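Asker: Pasting in a structure now, in structure tokens, and then I'll have a few things to ask.
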Amino acid sequence: MREMTMKKAISKSGWLLAATALALFFVAAAYAATPGITGPTFNLTAQQAYLNQPDGAAVYSWGYGCNGAPTGFAPAAITNATCLTMQVPGPTLIVTEGQTVTVNLTNSLPAAVGNTSIVFPGFQVTATGGVTGLLAQEAAPGGSVTYSFVASSPGTRAYYSGSESDLQIEMGLYGAVVVLPTGNAAVTAACGTLTSGGLPPTNAGNNRAAQVFWKETDFRLAAAAYDHPKTCYDREYLFQWAEMDPNIHAQALAQVQARTGCTAGAPGCSLNVPTEPYKPAYFLINGRSMPDVMDPNYAAEYPHQPYNGNPHMHPGEMTLVRSIGQGRWQHPFHEHANHVRILARDGNLILTPSGNSLAGILMFNTDTTPGSAFDGIFYFTGRGLNWDPYGHHPAPDSFGDPLAYLPCTPDANGYNTGAPTAVNYFEWCQDHNKPMELNPLGDVAGGGPMTLPDPNIFTNGAWYGGNPYLGPDASLRATAPACATTSSATLTCTNLQPANMQANPANERGWAFMWHSHNEREITTNNVFPGGMLMMMLVDSREFVIDESN
Amino acid sequence: MRNGYALSLSLLLVVIASGIANSQSFRVQCPTSTITHPSTLTNVNAEPAYSGPTTLAINSNGFYAPTANVNGAIKCQQVSGGDGYSTMADGTQTFMFSFGPLSGLADIANGQAGTEFPNVFNTVYPGTLKPGDPAMSDGATSGASPGSPSLFTFNGAAGLMPDLDAIASGACTAPCLDGHVDPRQIMDIGVMNGNIPAPLVAFDEDDEMFLTLTNVGMLMRPDLFEQHTIHFHGYPNASSFYDGVPDASVAINIGGSFTYYYLAPDAGTYFWHCHITPPEHLQMGMVGQLYVRPRQDRVPQGTSLYTALQQQNGLGTTVDLRTACNPNNDILCSAFTPAINTGLNQGLDLLGNPQRYVYNDGDGSTAYDVEYPIQMHDFDPNFHFVGMTFNPEAFVDMRGKYFLLNGRSYPDTVATGPQATMSSDGRMHYSQPLPALINIPAGGKASLRLVNLSVEQYHTLATLGIPMKEVGFNAKLLRDQEGNNTEFYTNSITLGGGESLDVILDASDAGCGSAGCAVKLYPAGSVFYLYTPNLDHLSNDAENFGGMMTEVHICNSVTGGSTYGNTCN
């Protein structure tokens, strides 16, 4: 019954508890980007350590890590990056197209584990040193091996152990290689460069100029995902999906401990851990389960799980989703709020026969397949809702709130992109000023098709702002005018958010969407919901500064 | 009871909004005129022909409103959130958390959507609805004897009543059907009335959709004061408010109704489900089908499909950017004008109805004669038993043992008419209204709108004989950014949980070229099978026979409609 109490507490009424806990974690904003280490020479080691899970478990695991300080970290704007000697996923190796990449791997795993290695699917690898293995040249316990390959084409790809893979990948020996494009004149013309910003051709406008105006740091690794002008992006996130069966990890630990001090290769100095039957209880994005996954990159609580999953974006920003299946199961990764255009699979850009345009499919569930990576573009604008998401006024309001009364001048695509400085930059103008509610809601005009019922029949969510609207003051205007903008002393005013328990910074006015595995059993942590492969994606109003550096 | 924390959260809203909040917690909404569909300009109770984009102009209130050529209509539907029982193919009664129909009751019983025009939705039942209706009025006596589903014909909103208080106060004139309901009738119909799949939702591009969720509570689990929500899975550019994720918006408490509002998104096969504790509520059965029919269905006879799509895509004289797909502007649209103009004009299908399409293809490549939504799912009997008996639920061990197409396993999939189950209230309920039997007129094409809503596994569905043409994936036409169709022929499809795709079961003789075949490839009277090659899924728990399989019947003609409930002659 203890388990039931626990489960019910969280799933039924415990969102309050969960949210409170989350709110504590969210004292600082925590975002994601695609953090990693730069080369082109990488000194890696494979070691053992424990991974923290939200149920309190410390799961014995193996992972790749840095053997000494790496050449550098990227993106440069994330300044607290670290690379310990073991992490899951392994360090994200960020290189540039055409570079000759050298990976020196030292096997520091317990002797009983035996040899380990790395395979780099999609690259022509030559290996020196080490001992011969089946899929790759291997590093014997205490030994080393060197892999070398040319980063021949851009994109996101997996790397993982090629030795006793059914066990070693389960234990955590996997990571990602991100190859940045060298670019060309056409890409620069369309996407700009990291320093100059640009005009994404797929969405006329200037997201980078808006970011600069709002003093947002650029956390991209490049201006385009590929050497193609249709692959520009404004923001990027890398998600690696894997699951863990704690029984396998426990058995591995027991056997390693029983063989402590044995001599590698000696009789009895090896593991015999069955990897079937397989019953994973932990479902991981970037080595973490929800809610831990939404804590910052390099958070001190998870020394061996440095990478998070906590995507944020502004309306209209082209967001590059890099995703890799690292476990042995497929996971249908459902992006709420819009589709994803698949750009490439395993670094292979999918183009029309002419080569001029994209031919990858559109998906609202982007399957993650073991050993397979994809790059895709996602964006959100709120187009076509048939009501103004900002709750704008058609005329100046009695409270003198300038943000309630803003122009929306449609560009050729219908978006307000003329002024990157506007709070409602990238608003969909066809619904501008169009009311949602039949009755006025606070300061927001009425006349729409809906009648919202008594708020008492709702239960508000932890990420819900208390009303349907987006924007720095919309939630206040929709309930009570903000004190600062109230011109009449007789009116009630508030500085509180209506829900007042958002799992987000107090000044963040975002729309939250769940990004998760739609094999819903996987959004649990060891039988407890919520957990597992679940993160919230925030569409933030333009003025909110998305700072991915913490 | 009201949840304490909901109350505390909402105090501010109460203070501010008490003047506007409707005091009745059960209610429906189905306006007869809106900004987008003003009754002065259009008949909201019918789908007008598509002769070009709606003309919009900024009105005196400062926002765009139509002035002419209004497209689409208003559609409304009400569903209950609660519990119920279904019958598995081995006879096992299975407890569910589930949605049930509270509008379109007769249509649902006949295998169709419960989505209605306002003039149907806003009708008052002339008598008193009985618990278990429509199965009770139809005389259902067992799962295999659903009575006569033609007896009960009411399709309006269950519980809808004249608002007598409003009439008395002078705020409204009789009959004053303003959404006021009689809660008793809602409880009588809604309690223990779960369906698997959840009630079918289908509407048309340009429609405004008012989908009311009424939480009637779960009779078998009084310990749970479960909220429910509706997640419209795949809605592009969704608002978080109407996205149904309880963490990011609102969840509907027991005793409340909430109306979700959607302007129809791009045509395609979507689906809907509750988003409360998804591994539990989805496994327990709160999953339904939803699709949006394309504008191209409404193109007048003899009109070029290519031209009509050009108009939608902003290449005509009137431009509506909302309907436009230009890949140079929008990386997330797929219904671009085709690279090749096939010159096809709108015509009639094999049933003699205006030709219909899965997408706005502009070239007729997604045309079909009959359409069948098919939901793949699986029930873990252990989890459902635990869910009924107050026991702790284990997610790690969850494993489906009943493999379902539209909530049924073979051979129930080929039984016609609704399937009834006696619930713990001692009354028959239509628990599984949708068959999965595919009738195709000889030489015809069937649109299969396929969805997998398993919460723990991928499923494959294969066809023996008739090839599948996959034309859409995740509610998007398969077409690249230069207008080349990327459709392909296959004999199997694989979907993970929460995924959809569109195939055309192509029983035409297209393979024989324009001269046709000497002998029909798929002659009338032949039977083909649609089944899962995950062979262990061809079982019903302990029975080593059944599971995820159904039949495709080739008919001399198909009458009585182009979807479930029709007749194979």
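Asker: Quick one: is residue A:455 over 27 Å from the mean Cα position of the chain (by Cα), buried (at least 23 other Cβ atoms within 10 Å of the Cβ), within 8 Å of chain B (Cβ to nearest Cβ) and at pLDDT below 80?
Answerer: Taking the combined requirement at face value, the residue satisfies it.
Asker: Same structure again: Considering only residues that are among the hydroxyl-bearing types (Ser, Thr, Tyr) and either in contact with a Lys or Arg (Cβ under 7 Å, 6 or more places away or on another chain) or more than 7 Å from chain A (Cβ to nearest Cβ) (or both), which ones fall in segment B:232-280?
Answerer: B:235, B:242, B:257, B:260, B:262, B:269, B:270
Asker: Tell me, yes or no, whether segment B:401-408 has at least one residue that is farther than 27 Å from residue B:202 by Cβ and surrounded by fewer than 24 Cβ atoms within 10 Å (Cβ to Cβ).
Answerer: Among the residues of segment B:401-408, at least one is farther than 27 Å from residue B:202 by Cβ and surrounded by fewer than 24 Cβ atoms within 10 Å (Cβ to Cβ), which makes the answer yes.
Asker: For segment B:296-319, what are the residues that are modelled with pLDDT of 95 or more, in a loop (DSSP other than H, G, I, E, B) and either in contact with a Pro (Cβ under 6 Å, 6 or more places away or on another chain) or not polar (S, T, N, Q) (or both)?
Answerer: B:299, B:300, B:302
Asker: Could you list, ordered by first residue, the pairs with Cβ atoms under 8 Å in which the first is in segment A:522-539 and of a type in the set (Asp, Glu) and the second is assigned to a strand (DSSP E or B) and surrounded by fewer than 24 Cβ atoms within 10 Å (Cβ to Cβ), at least 6 apart or interchain?
Answerer: A:522/A:243
Asker: Ok, one more. How do the strands (runs of 3 or more DSSP E) wholly within segment B:383-472 filter down when requiring 2 or more residues that are under 22 Å from residue B:272 (Cα atoms) and polar (S, T, N, Q): which remain?
Answerer: Here the list reads B:428-432, B:445-452.
Asker: Does segment A:61-77 hold any residues that are among the small types (Gly, Ala, Ser) and either farther than 30 Å from residue A:216 by Cα or in contact with a Lys or Arg (Cβ under 9 Å, 6 or more places away or on another chain) (or both), and which are they?
Answerer: Those that are among the small types (Gly, Ala, Ser) and either farther than 30 Å from residue A:216 by Cα or in contact with a Lys or Arg (Cβ under 9 Å, 6 or more places away or on another chain) (or both): A:61, A:63, A:65, A:68.
Asker: While we're on this one: Any idea how many residues of segment B:10-26 are within 17 Å of residue B:78 (Cβ to Cβ) and either more than 7 Å from chain A (Cβ to nearest Cβ) or at pLDDT below 65 (or both)?
Answerer: The total comes to 3.
Asker: Within segment A:403-414, is even one residue closer than 27 Å to residue A:334 by Cα, crowded, with 24+ Cβ neighbours inside 10 Å and not polar (S, T, N, Q)?
Answerer: No, segment A:403-414 has no match at all.
Asker: So, in segment B:74-107, how many residues would count as being out of contact with any strand residue (DSSP E or B) (no Cβ under 7 Å at 6 or more places or on another chain), within 26 Å of residue B:267 (Cα to Cα) and either part of a strand (DSSP E or B) or among the small types (Gly, Ala, Ser) (or both)?
Answerer: Number satisfying all stated conditions: 1.
Asker: When you scan segment B:230-250, how many residues do you find that are outside any loop (DSSP other than H, G, I, E, B) and modelled with pLDDT under 95?
Answerer: 1
Asker: Shifting gears a bit: Scan segment A:318-356 residue by residue and report those that are of a type in the set (A, V, I, L, M), in contact (Cβ under 8 Å) with a residue 60 or more places away in the chain and part of a strand (DSSP E or B).
Answerer: A:320, A:321, A:324, A:343, A:344, A:349, A:351
Asker: Something else: What are the residue pairs meeting all of these: first residue in segment B:184-196, first residue part of a loop (DSSP other than H, G, I, E, B), second residue among the hydroxyl-bearing types (Ser, Thr, Tyr) and modelled with pLDDT of 95 or more, Cβ atoms under 7 Å, and 6 or more apart or on different chains?
Answerer: From segment B:184-196, the pairs are B:193/B:80; B:194/B:98; B:194/B:431; B:196/B:86; B:196/B:98; B:196/B:431.
Asker: Search segment B:451-507 for residues being among the charged types (D, E, K, R) and in contact with a Ser or Thr (Cβ under 9 Å, 6 or more places away or on another chain), and hand back the single one that is farthest from residue B:551 (Cα to Cα).
Answerer: Per the criteria, the residue is B:482.
Asker: Scan segment A:290-306 residue by residue and report those that are out of contact with any Leu (no Cβ under 8 Å at 6 or more places or on another chain) and in a loop (DSSP other than H, G, I, E, B).
Answerer: The answer is A:295, A:296, A:297, A:298, A:299, A:300, A:301.
Asker: Might you check whether a residue that is of a type outside the set (Phe, Trp, Tyr), out of contact with any His (no Cβ under 9 Å at 6 or more places or on another chain) and not in a loop (DSSP other than H, G, I, E, B) occurs anywhere in segment A:390-407?
Answerer: There is at least one residue in segment A:390-407 that is of a type outside the set (Phe, Trp, Tyr), out of contact with any His (no Cβ under 9 Å at 6 or more places or on another chain) and not in a loop (DSSP other than H, G, I, E, B).
Asker: What's the number of the only condition in (1) more than 27 Å from the chain's Cα centre (by Cα); (2) free of Cβ contacts under 8 Å to residues at least 40 places away in the same chain that residue B:491 fails to meet?
Answerer: All conditions are met except number (1).
Asker: Now a separate question. I'd like to know if segment B:156-173 contains one or more residues that are polar (S, T, N, Q) and in a strand (DSSP E or B).
Answerer: No; the residues of segment B:156-173 include none that is polar (S, T, N, Q) and in a strand (DSSP E or B).
Asker: If you check A:512, A:506, A:499, A:484, which single one turns out to be buried (at least 24 other Cβ atoms within 10 Å of the Cβ) and either modelled with pLDDT of 70 or more or of a type outside the set (Phe, Trp, Tyr) (or both)?
Answerer: The match here is A:512.
Asker: Given the condition among the acidic types (Asp, Glu) and either touching a residue at least 60 places away in the same chain (Cβ under 8 Å) or more than 14 Å from chain A (Cβ to nearest Cβ) (or both), answer yes or no: does some residue in segment B:297-307 qualify?
Answerer: yes
Asker: A further question on this structure: Go through segment B:350-387 residue by residue and tally those that are within 14 Å of chain A (Cβ to nearest Cβ) and surrounded by fewer than 21 Cβ atoms within 10 Å (Cβ to Cβ).
Answerer: Of the residues in segment B:350-387, 2 are within 14 Å of chain A (Cβ to nearest Cβ) and surrounded by fewer than 21 Cβ atoms within 10 Å (Cβ to Cβ).
Asker: Has segment B:476-489 got any residue that is within 14 Å of chain A (Cβ to nearest Cβ), among the hydrophobic types (A, V, I, L, M, F, W, C) and more than 26 Å from residue B:561 (Cβ to Cβ)?
Answerer: Within segment B:476-489, one or more residues are within 14 Å of chain A (Cβ to nearest Cβ), among the hydrophobic types (A, V, I, L, M, F, W, C) and more than 26 Å from residue B:561 (Cβ to Cβ).
Asker: Select from segment B:45-81 the residues that are closer than 18 Å to residue B:315 by Cα and within 14 Å of chain A (Cβ to nearest Cβ) and list them in ascending order.
Answerer: B:53, B:54, B:55, B:56, B:71
Asker: Restricting segment B:389-421 to residues that are more than 14 Å from chain A (Cβ to nearest Cβ) and among the hydrophobic types (A, V, I, L, M, F, W, C), which is nearest to residue B:468 (Cα to Cα)?
Answerer: B:405
Asker: Right, next: Quickly run through segment A:313-351 and pick out the residues that are more than 10 Å from every other protein chain (Cβ to nearest Cβ) and of a type in the set (Lys, Arg).
Answerer: A:322, A:328, A:345
Asker: Please enumerate the residues belonging to segment A:357-378 that are assigned to a loop (DSSP other than H, G, I, E, B) and within 7 Å of chain B (Cβ to nearest Cβ).
Answerer: A:357, A:359, A:361, A:364
Asker: When you go through A:220, A:208, A:235 one by one, which is the residue that is modelled with pLDDT under 90 and among the basic types (Lys, Arg)?
Answerer: A:208
The values are calculated or read from the model by the stated rules, or taken from the named source; none is laboratory data. Just so it is clear, the model here is predicted, and its values are computed rather than measured. Quick reminder, even Gly has a Cβ in these numbers, built from the backbone with ideal geometry, and neighbours come from all protein chains shown.
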